[in-house]
1. Please give me, ordered by residue number, the GluC sites (Glu not before Pro) of region 7-114 that lie in loop per DSSP and have at most 11 other Cβ atoms within 10 Å.
2. Starting from the Cα of Ile41, step 7 Å along the direction of its Cβ; do the same at Asp56; then give the gap between the two resulting points in nm.
3. If R0 is 45 Å, what FRET efficiency do you get for Lys114 and Lys183 from their C-beta distance, rounded to 0.05?
4. Roughly speaking, what % of Cα-Cα pairs in the chain are separated by over 32 Å, rounded to a whole number?
5. Please go through region 1-85 and write out the chymotrypsin sites (Phe, Trp or Tyr not before Pro) that DSSP classes as loop and that have at most 14 other C-beta atoms within 10 Å.
6. Taking Cα atoms, how many degrees apart are the long axis of helix 188-197 and the longest axis of the chain, rounded to 10 and kept between 0 and 90?
7. Give the Debye-formula value of log10 I(q)/I(0) at each listed q (0.13, 0.14, 0.27 Å⁻¹), with one equal scatterer per alpha carbon of region 4-63, two decimals each.
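What follows is calculated from the coordinates using simple rules that are stated; it is not laboratory data. These figures come from a predicted structure and were not determined experimentally. A quick note on method: Cβ atoms are made from the backbone with ideal geometry, for glycine too, and the neighbour counts reach across all protein chains shown.
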Amino acid sequence: MFYCISGKVIHYEEGKLVVQAGGVGYELLVSNNALTRLGKIGLECTVYTTLSVTQDDVRLFGFYSKEEKNMFAKLTSVSGVGGKMALQILSSADVSTLAVAIVSGDAATISKVKGIGKKTAERIILELREQMNDAVAASSVSSDMFAQPEQQQGGVAADAISALVSLGISKTDAYSAVAAAMKKTDKLEQIITLALRSFDR
């Protein structure tokens, strides 16, 4: 219903941001990472949003980027992970760190989040890795496109592309960003981080 809101920040506190647009102040629930980037009175910004409606509550979640919004959607698609828990996860690590943890099966990173045990972390990884693989498989771009970097780096390129595609980035753009990043590093986390930075708006 609400894709994004563009306006001026008029208030912020831990976990919340208020953006005034068109004479209306929108209270948004945000991650610590989003608050760090957007929490400045008077800042003109665009906040990507997701509206959550339940039987007892209506909440508007805000995100500093499309990638953070897409990661939130991925996390809340996992059984047992609600909006509040997803924000806790996004507050504990940035999108690139989470993407690396998922594609590499690093449950320890996710289980460090308060309220998330090892079983929940493993379930998140299991379900989201499948989604990432499905997203790449459903792409219309041929896998031959990234065969060379994949062969050179033992699958690191494929993992990075998979993570980026799962965050809503087209496979063509993901390939280009990963190819550019791999000229600077061969570490998965750094590749994803550099690739995501190239899409910063």
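1. Working: sites: Glu13, Glu14, Glu27, Glu44, Glu67, Glu68; in loops: Glu14.
Within region 7-114, the qualifying GluC sites (Glu not before Pro) (loop, at most 11 other Cβ atoms within 10 Å) are Glu14.
2. Reported label-point gap for Ile41 and Asp56 is 3.4 nm.
3. Details: r = 38 Å, r/R0 = 0.85.
Efficiency, from the Cβ-Cβ distance: 0.75.
4. Across the chain, Cα pairs with separations above 32 Å total 18 percent.
5. For chymotrypsin sites (Phe, Trp or Tyr not before Pro) across region 1-85 that sit outside H, G, I, E and B with at most 14 neighbouring Cβ atoms in 10 Å, the list reads Phe2, Tyr3.
6. 50 degrees
7. For region 4-63, the Cα-only Debye profile gives -0.28, -0.33, -1.12.
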